[in-house]
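First up is the structure itself, then whatever we jot down about it.
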Amino acid sequence: MELSTTISIIISLIIGVVIGRFLLQQVFKKQEQSAKEKADKIIKEGQQQADHYKKQRSLEAKEKFLQLKAEHEKDVNQRNNSLTQKENTIRQKEQSFNQKLENVNREKQELDNRSKKLDQLIELNENRSAEIDQLKNQQIKQLESIAGLSAEEAKEQLVNTLREEARSEAIIQIKDIVDEAKLTASKEAKKVVIQTIQRTATESAIENTVSIFNIENDEVKGRIIGREGRNIRALEAATGVEIIVDDTPEAIILSGFDPVRREIARLSLHRLVTDGRIHPARIEEVVGKTRNQIEDEIVEIGERTAIDLGIHGLHPELIRMVGRMRYRSSYGQNLLQHSREVANFAATMAAELGLNVKHAKRAGLLHDIGKVPDDNPELPHAILGMQLAEKYKEHPDVCNAIGAHHDEIEMTSLISPVVQACDAISGARPGARREVVESYIKRLKELEELALSYPGVEKTFAIQAGRELRVVVESEKVTDAQSEILAADISNRIQTEMTYPGQIKVTVIRETRSVSYAK
């Protein structure tokens, strides 16, 4: 019973599996058929869309082709028209050229004919010229026989007569010119005298050639002088300044025409007195350090001046020269102060006239830069300043204003007359200048340069207001005997080449130093 039941269950299961598989196959067939139908439908729709897109692109391509074809035909027509015009132009030029060629041939034929005629005329003229010369010689001989003079004698007599007449007329004209010049000179002289009187002022604006060094008590004077004057001699030899120690209480006078040397001497004395150690070696050390300090201060003064005036981009060498103006004078007037005044005047005037204010101010500051170089070549300071400005790439208008402010060159810039006028305004200020100081300083510089021109001379110092010239020579190049000859040569040359009051003492100093270091 149980066996039959089990068998029936198994049979039922088998039948159910067979039936389920059959049904599943039917379902799969239906799904596969449905998927095929969908795929066919999608493919059909895609082909329809592709056909439509293909037709649309084909139409667009045809339209584009027709458009390009029309443009190409248009370009071809334009080119054909242009070629036709050029051909017509060439034909016209060819016709014109042929016509000109015909004219040239015709003119050439005419010139040939004229040349033949001219040759005939020249030949005829030569024949006539020979006849004329023969007649002229016959007439000259007849005149000489009648007058009793030869042609050369008659010519000389005529020249002498004309010369005497011209000399008489020239003497009369010279007399009239001299009389007129005397009247004009009298008026101009009176005018100059009146202007000079009107502009005369006190000497408060004039720089002196001496500096006063104040000390606390007179005991310091002895220490500065040193044993047998060795300290003061070392100071004078190192600085080139004459140090005058007299009965003036609590004061020492530093005398020298060069303001830089006086300032170095003053600062060196201040350091030595403050430190208390005063001896020749210490003096040379302090003077060397002070000289370097002054050089740094010169650069600082130049930079500060440029900043105060609002001038930018100056070359470092020009800045150093501007700083050195502080220790230079022009007819007794401080050169830096004068240049600052000219720069400000020029800027104001340029602004009123509508000119370039920066160029005017720059030219005003640098207009006397040619007075600063130590070598002092034989050139006017305006030309030297212009060359320096050109060397350091300044604007051409600035260079022209510098070179033309004393009319050494032609003015090519509008700011040139402005700088010239402002220079005159600053220099003409009452009490600003004094020509005696400038000529005195120039004479002392010439005195030093004269001695420096000799070989072996290391340094020269004009002291005692130019009454003494100290010449320091190199001991390796100049012997004791040669120093005697050198002093005599310099004295003789000063006598023959320079003009000076009184007498000048020439002192040649030859010193030998042996230095060694213990390590």
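A few points about this structure:
- Filtering segment 311-341 to residues that are over 19 Å from the mean Cα position of the chain (by Cα) and closer than 16 Å to Lys358 by Cβ leaves only Arg340.
- Sole exception among (1) open to solvent by less than 30 Å² (accessible area, probe 1.4 Å); (2) in contact (Cβ under 8 Å) with a residue 24 or more places away in the chain; (3) under 30 Å from Leu444 (Cα atoms) for His406, by number: (1)
- Long-range neighbours under 6 Å by Cβ, at least six apart or interchain, first residue in contact (Cβ under 8 Å) with a residue 12 or more places away in the chain within segment 486-497, second surrounded by 11 or more Cβ atoms within 10 Å (Cβ to Cβ) and among the hydrophobic types (A, V, I, L, M, F, W, C): Leu486/Val508; Ala487/Val506; Ala487/Val508; Ile490/Ala451; Ile490/Val506; Ser491/Val506; Ile494/Ile504
- Annotation note: of Ser96, Ser82, Ser129, Ser115, the sole residue that is farther than 30 Å from Glu152 by Cα and more than 60 Å from the chain's Cα centre (by Cα) is Ser115.
- Counting residues in segment 312-334 that are modelled with pLDDT under 85, open to solvent by 40 Å² or more (accessible area, probe 1.4 Å), assigned to a helix (DSSP H, G or I) and not β-branched (Val, Ile, Thr) gives one or more.
For (1) modelled with pLDDT of 80 or more; (2) assigned to a strand (DSSP E or B), each residue gets a yes or a no:
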{"residue": "Val436", "(1), (2)": "no, no"}
{"residue": "Thr460", "(1), (2)": "yes, yes"}
{"residue": "Arg493", "(1), (2)": "yes, no"}
{"residue": "Val506", "(1), (2)": "yes, yes"}
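- Segment 462-486: number of residues that are surrounded by fewer than 17 Cβ atoms within 10 Å (Cβ to Cβ), modelled with pLDDT under 85 and under 39 Å from the mean Cα position of the chain (by Cα): 1
- Taken together, the criteria exclude Ile307 from residues that are closer than 22 Å to Lys445 by Cβ, of a type outside the set (D, E, K, R) and part of a helix (DSSP H, G or I).
The values are calculated or read from the model by the stated rules, or taken from the named source; none is laboratory data. Worth saying up front: this structure is predicted, and the values here are computed from it rather than measured. Note that each Cβ is placed from the backbone with ideal geometry, even for glycine, and that neighbours are counted across all protein chains shown. Side chains are part of the model used for accessible areas, which takes the heavy atoms of the whole protein and leaves out ligands, DNA and RNA. Shrake-Rupley method; radii C 1.70, N 1.55, O 1.52, S 1.80 Å.
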